[in-house]
Amino acid sequence: MMMFRVSILTTYYDNGGHITNGICFSFQNAQYLGIDQDYLKCTKKECKEYDNGKCVLNTCSGSLKFHIINIRTEIEFVFFAGGFDTPCILTRSNPVKFANPKQPLYGHLSSIDSTGTSMRLTWVSGDKEPQQVQYENRKQTSEVTTFTQDDMCSLIVPSPAKDFGWHDPGFIHSAVMTGLQPSSIYSYKYGSDSVGWSDQFQFRTPPAGGSNELKFLIYGDMGKAPHDASIEHYIQPGALSVVRALTDEVDSGNVESIFHIGDISYATGFLVEWDFFLQLISPVASQVSYMTATGNHERDYQESGSVYITPDSGGECGVPYETYFPMPTAAKDKPWYSIEQASVHFTIISTEHDWSENSEQYEWMKRDMATVDESKTPWLIFMGHRPMYTSTDGVFSVDKNFVKDVEPLLLDNKVDLAFFGHVHNYERTCAVYQEECKAMPTMDENGISTYDNSNYSAPVHAVMGMAGFTLDKFKTDDVDCWSLRRISNFGYVRGHATKEEINFEFVNANTRQIEDNFRIIKKQSSEFVDVSQIMNRFAGMPMDEPNTQSDI
């Protein structure tokens, strides 16, 4: 990452006219030169032309700073007037080239199964030739893929992804590191001798499914924000503070996995923004498994097969998302999967694909959750992007169809927690089913709410779409009875699971304070006792004689 200073020289005539060549253009991001007060006040003035001793032509100069990352292609700095609707060029720089446009960058990790013995690394480069990841005196060669404008969706009016928002993604490399041990630390680097190597990184493998303890982070709707004063088509203002907090969490060594449940980059058809997002999450995604779910801003577009008919992906239709974030799914454009880490079974669905009864995804959910072995993974967490329940102002509080078709599966399979994003705040419910509280938590003197699932009643739902996008407000009156905790602050959720309990903390990213804390407990089933053996031991004993054997 670097900051690039651009100096601007503007020529003013005494009649106030501006030089312009009338060429209009589109842009990726922009800044108002008025940010530089020296420019507004014309502090740095120089006369270029005099008439009878009077200055008739002045120059005023100013400068701006831009955060630049390696996007592999040439960039230009353009000074324009006319506003964003009718931008026209005043002057432009010569193209600026990156020293190494083929440089391997933005490596991020993900799990491929529940063993903790393999880890996938995915990175971006301008080079189509296979590269390597080198780790612990071993190496794996990358598989290489990409996508083109032809892969993007569009209708009568061209989508951003198909037209003015397109940017060549380069080549996406992916390699699986094998022969690892769960809950262990390794070092790695990636690249090749011909295009260069990345820095050396360390990563932690997640615990194997069936083991005891897992420490993880979870959130949705992050996106990105510029590191400078730039204006972009879509900015998620909380992303920077959340990533800073996540980085501190991961650097502490107390995080083994991260789950980002939809609305990943908010590129929405402006493809270069995927590079900026990957660069943003590199401090955390390069160190621990970064698992994702698809959201409306990754997948939805008209006539694309989405459940919700919106243009929210800007024509991407899931292609960039699935290329940059290969998850352990069954097939392309079927972005649902499950994974086990320690004592937790995670069932992760796509709310944007058909989940109605008897659909392919519905049948998969039904099979997946029915196979959970509670003696191995006593906790079942269900994740998807769009929530079933929310009490946000101006939003339908219950997704009736989603509840009707999918909620019975959660109850039948005794889902402990259902996590969602999409709505940009934090909200926690009672143990709810069909809009009714089936059980309430108890609260101790420390303000920690405890749900006892020893006698299961219904899932607890939590919305956690507060990781970056502008926050949504809650209803101020007529709050639904199932809504217990509502917070509209940027942050994330910290999870800690053992086989006896699972604890969650909502962390405010700005203050680092815990603003909600709840846990679920579940008494483990006792081994069956052979009653006949006990009765035989009592045989012949007087009924009024007290039993003194302590092992009965």
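If a residue must be open to solvent by 30 Å² or more (accessible area, probe 1.4 Å), at pLDDT 95 or above and not in a loop (DSSP other than H, G, I, E, B), how many such residues does segment 225-239 contain?
Here the count works out to 0.
Taking the options 240, 246, name whichever one is out of contact with any Phe, Trp or Tyr (no Cβ under 8 Å at 6 or more places or on another chain) and over 19 Å from residue 384 (Cβ atoms).
Details: 246 fails: out of contact with any Phe, Trp or Tyr (no Cβ under 8 Å at 6 or more places or on another chain).
None of the other options fit; the residue is 240.
So residue 194 fits all but one of (1) open to solvent by 60 Å² or more (accessible area, probe 1.4 Å); (2) among the small types (Gly, Ala, Ser); (3) not in a loop (DSSP other than H, G, I, E, B); what number is the exception?
Exception for residue 194: condition (3).
Which ones in segment 435-444 are open to solvent by less than 90 Å² (accessible area, probe 1.4 Å) and either part of a loop (DSSP other than H, G, I, E, B) or not assigned by the TED database to the domain that holds residue 388 (or both)?
Within segment 435-444, 435, 441, 444 qualify.
Can you confirm whether segment 95-104 contains a residue that is in a strand (DSSP E or B) and either of a type in the set (D, E, K, R) or touching a Phe, Trp or Tyr at 6+ places or on another chain (Cβ under 6 Å) (or both)? Break it down into steps so the answer makes sense when it comes.
Initial filter on segment 95-104 (in a strand (DSSP E or B)): 96.
Okay, now just the ones that are also either of a type in the set (D, E, K, R) or touching a Phe, Trp or Tyr at 6+ places or on another chain (Cβ under 6 Å) (or both), so none.
Within segment 95-104 (the criterion being in a strand (DSSP E or B) and either of a type in the set (D, E, K, R) or touching a Phe, Trp or Tyr at 6+ places or on another chain (Cβ under 6 Å) (or both)), the answer is no, since none of the residues qualifies.
I'd like the residue in segment 344-390 that is touching a residue at least 60 places away in the same chain (Cβ under 8 Å) and of a type in the set (Lys, Arg) and, out of all such residues, is nearest to residue 327 (Cα to Cα).
Within segment 344-390, the match that is nearest to residue 327 (Cα to Cα) is 386.
So, of the residues in segment 143-179 that are farther than 23 Å from residue 128 by Cα and hydroxyl-bearing (Ser, Thr, Tyr), which turns out to be surrounded by the fewest Cβ atoms within 10 Å (Cβ to Cβ)?
Result: 178.
Taking segment 57-94 as the region of interest, how many residues are within 19 Å of residue 167 (Cα to Cα) and assigned to a loop (DSSP other than H, G, I, E, B)?
Result for segment 57-94: 8.
Rundown of residues vs (1) aromatic (Phe, Trp, Tyr); (2) under 19 Å from residue 220 (Cα atoms), yes/no style:
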site: 478; (1), (2): no, no
site: 486; (1), (2): no, yes
site: 490; (1), (2): yes, yes
site: 495; (1), (2): no, yes
site: 501; (1), (2): no, no
site: 508; (1), (2): no, yes
site: 519; (1), (2): no, no
site: 522; (1), (2): no, no
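Can you name the residue in segment 23-81 that is open to solvent by 40 Å² or more (accessible area, probe 1.4 Å) and of a type in the set (Lys, Arg) and is also nearest to residue 92 (Cα to Cα) among such residues?
Filtering segment 23-81 for residues that are open to solvent by 40 Å² or more (accessible area, probe 1.4 Å) and of a type in the set (Lys, Arg), the one nearest to residue 92 (Cα to Cα) comes out as 65.
This table checks each residue for (1) assigned to a loop (DSSP other than H, G, I, E, B); (2) more than 21 Å from residue 264 (Cβ to Cβ); (3) of a type outside the set (Gly, Ala, Ser); (4) in the same structural domain as residue 233 (by the TED database).
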site: 414; (1), (2), (3), (4): yes, yes, yes, yes
site: 422; (1), (2), (3), (4): yes, no, yes, yes
site: 429; (1), (2), (3), (4): no, yes, yes, yes
site: 446; (1), (2), (3), (4): yes, yes, yes, yes
site: 458; (1), (2), (3), (4): yes, yes, no, yes
site: 462; (1), (2), (3), (4): no, no, no, yes
site: 471; (1), (2), (3), (4): yes, no, yes, yes
site: 477; (1), (2), (3), (4): yes, yes, yes, yes
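Among the residues of segment 320-330, are any open to solvent by 10 Å² or more (accessible area, probe 1.4 Å) and modelled with pLDDT under 95?
yes
Scan segment 373-398 for residues that are modelled with pLDDT of 90 or more and outside any loop (DSSP other than H, G, I, E, B) and jot them down. Lay out the reasoning, then the answer.
Within segment 373-398, the first condition is being modelled with pLDDT of 90 or more, and the residues that meet it are 373-391, 398.
Selection gives 379, 380, 381, 382, 383, 389, 398.
Considering segment 318-343 alone, what residues qualify as being touching a residue at least 40 places away in the same chain (Cβ under 8 Å) and of a type in the set (A, V, I, L, M, F, W, C)?
Restricting attention to segment 318-343, the residues satisfying the condition of being touching a residue at least 40 places away in the same chain (Cβ under 8 Å) are 319-321, 323-328, 335, 339-343.
Residues satisfying the conditions are 319, 325, 327, 339, 342.
Do we have any residue at all in segment 385-402 that's buried (at least 22 other Cβ atoms within 10 Å of the Cβ), more than 30 Å from residue 476 (Cβ to Cβ) and either aromatic (Phe, Trp, Tyr) or not assigned by the TED database to the domain that holds residue 505 (or both)?
No.
Being among the β-branched types (Val, Ile, Thr), assigned to a helix (DSSP H, G or I) and open to solvent by 10 Å² or more (accessible area, probe 1.4 Å) is the filter here; which residues of segment 257-299 pass it?
Going through segment 257-299, the residues among the β-branched types (Val, Ile, Thr) turn out to be 258, 261, 264, 268, 272, 281, 284, 288, 292, 294.
Now restrict to residues that are assigned to a helix (DSSP H, G or I): 272, 281, 284.
Scanning segment 257-299 gives no hits.
Tell me yes or no: at least one residue of segment 429-438 is among the polar types (S, T, N, Q) and farther than 21 Å from residue 220 by Cβ. Steps first, please.
Looking only at segment 429-438, we keep the residues that are among the polar types (S, T, N, Q), and these are 429, 434.
If we keep only those that are farther than 21 Å from residue 220 by Cβ as well, we get 434.
Yes, segment 429-438 has at least one match.
I'm trying to understand the selection: among the residues of segment 417-434, which are closer than 24 Å to residue 353 by Cβ and open to solvent by less than 10 Å² (accessible area, probe 1.4 Å)?
Matches in segment 417-434: 417, 418, 419, 420, 421, 423.
Cβ-Cβ under 9 Å, sequence separation 6+ or interchain: first residue in segment 47-59 and among the basic types (Lys, Arg), partner outside any strand (DSSP E or B). Which pairs?
Cβ pairs passing all conditions: 54/14.
Residues checked against (1) among the polar types (S, T, N, Q); (2) modelled with pLDDT under 95:
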{"site": "60", "(1), (2)": "no, yes"}
{"site": "63", "(1), (2)": "yes, yes"}
{"site": "76", "(1), (2)": "no, yes"}
{"site": "81", "(1), (2)": "no, yes"}
{"site": "87", "(1), (2)": "no, yes"}
{"site": "108", "(1), (2)": "no, no"}
{"site": "115", "(1), (2)": "yes, no"}
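So which of 228, 300, 275 is touching a His at 6+ places or on another chain (Cβ under 7 Å) and of a type outside the set (Val, Ile, Thr)? Explain how you work it out, then say what you get.
Working: 300 fails: touching a His at 6+ places or on another chain (Cβ under 7 Å); 275 fails: touching a His at 6+ places or on another chain (Cβ under 7 Å).
Of 228, 300, 275, the one residue that is touching a His at 6+ places or on another chain (Cβ under 7 Å) and of a type outside the set (Val, Ile, Thr) is 228.
Output the residues belonging to segment 109-131 that are open to solvent by 10 Å² or more (accessible area, probe 1.4 Å) and under 29 Å from residue 216 (Cβ atoms).
From segment 109-131, those open to solvent by 10 Å² or more (accessible area, probe 1.4 Å) are 112-115, 117-118, 120, 126-130; that's our starting set.
Those that are open to solvent by 10 Å² or more (accessible area, probe 1.4 Å) and under 29 Å from residue 216 (Cβ atoms): 112, 113, 114, 115, 117, 118, 120.
Which of the residues belonging to segment 407-416 are over 16 Å from residue 377 (Cα atoms), of a type outside the set (A, V, I, L, M) and surrounded by 19 or more Cβ atoms within 10 Å (Cβ to Cβ)?
407
The values are calculated or read from the model by the stated rules, or taken from the named source; none is laboratory data. Small disclaimer: the values here were computed from a predicted structure and weren't measured. Note that we place each Cβ from the backbone using ideal geometry, even for glycine, and neighbour counts take in every protein chain shown. Heavy atoms of the whole protein, side chains included, go into the accessibility calculation; ligands, DNA and RNA do not. Shrake-Rupley method; radii C 1.70, N 1.55, O 1.52, S 1.80 Å.
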